[in-house]
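Beneath this line is the structure, given in structure tokens, with notes to follow.
The values are calculated or read from the model by the stated rules, or taken from the named source; none is laboratory data. This one's a predicted model, so the numbers in the text were calculated from it and none came from an experiment. Virtual Cβ from ideal backbone geometry, glycine too; neighbours counted across all protein chains shown.
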Amino acid sequence: MKPAPPRTVPDPGRGGARPGGALLAASAPILAMLAALVLVAVTGFSQRSAMPETVEPWVFGFFAGRYPLFAFALVYGLAHLARVAAEPGPASGARRIVFGVAGAVILALAGLYPTFGGVILRAGFATGGMAYLTHQPLWLAYGLGAGVAAALFGGVAGVAAFTANRPLRPRLRRLGAGALAFLTLWFGAIVLGLSGPLGLGPWPRRALRPEETGLAALLLVAAALPHALLTTARRLRPAA
């Protein structure tokens, strides 16, 4: 009798993961983001909520009233980084912890320091504002600002994920994957920035109403889904 050929088990760290596990892992950041939204809505958290004076600038401020859903985008980014650091891959445990924690801290600071929005929203707002002041169409100025914010957000999150649990060998294919990831984040930034015109309401000046919570959930899912699907496709791709 001929011996049966050895079974090849897909390596989730290099692609070829089982579809069910990959879909569940890719949806985890979206679920974390929606869980944060539900918590905010259930507790009635808003600017009227009591909090330490030293923490308040990091939570509320100029950009919190204009781009309130950015707070949940940060939750998505942190959860995505945690998922990448925890999934099977080439990194050692120490590398995952050190660079995963460092990346999470840098991403949080980029989005919250010196006040809510951090350098991410400030750079996007400044770019869009300057483009508009130089007589560019409003849609172009808005798109440029969203692109700069997405580039900063994706750049910090991407470098953090790469150092935490990605092969350190350079590959040309990763440039294409990074460009696609940027486009998905750019789309997400555009969607989140339209929350006010689409009727989200004045949160965080007051608590979220049920209908506003539903609209916010739809916008968050629509903004994050392309990036999540891209991440899923990468995990399902067979190893080369």
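In the range 123-149, the residue that is farthest from Glu56 (Cα to Cα) out of those that are among the small types (Gly, Ala, Ser) and under 16 Å from the mean Cα position of the chain (by Cα) is Gly147. None of Thr127, Thr134 is among the polar types (S, T, N, Q), surrounded by 17 or more Cβ atoms within 10 Å (Cβ to Cβ) and over 30 Å from Gly89 (Cβ atoms) except Thr127.
Of the residues that make up the range 221-229, is at least one part of a helix (DSSP H, G or I) and either of a type in the set (Lys, Arg) or over 22 Å from Leu24 (Cα atoms) (or both)? Looking for residues that are part of a helix (DSSP H, G or I) and either of a type in the set (Lys, Arg) or over 22 Å from Leu24 (Cα atoms) (or both), one finds none in the range 221-229, hence no. Residues in the range 23-44 that are more than 18 Å from Glu211 (Cα to Cα) and either of a type in the set (D, E, K, R) or touching a helix residue (DSSP H, G or I) at 6+ places or on another chain (Cβ under 9 Å) (or both): Leu23, Ala25, Ala26, Ser27, Ala28, Pro29, Ile30, Leu31, Ala32.
Scanning the range 185-194 turns up no residue that is without any contact (Cβ under 8 Å) to a residue 12 or more places away in the chain and either within 16 Å of the chain's Cα centre (by Cα) or farther than 24 Å from Pro29 by Cα (or both).
Which condition does Gly196 not pass, out of (1) buried (at least 20 other Cβ atoms within 10 Å of the Cβ); (2) at pLDDT below 90, if it passes all the others? All conditions pass for Gly196, except number (1). Among the residues of the range 129-139, those that are assigned to a helix (DSSP H, G or I) and either among the hydroxyl-bearing types (Ser, Thr, Tyr) or over 20 Å from Thr184 (Cβ atoms) (or both) comprise Gly129, Met130, Ala131, Tyr132, Leu133, Leu138. Applying the set (1) aliphatic (A, V, I, L, M); (2) free of Cβ contacts under 8 Å to residues at least 40 places away in the same chain; (3) touching a Leu at 6+ places or on another chain (Cβ under 7 Å) to Val156 leaves exactly one unmet item: (2).
For the range 169-182, the tally of residues that are touching a residue at least 12 places away in the same chain (Cβ under 8 Å) and not aromatic (Phe, Trp, Tyr) stands at 4.
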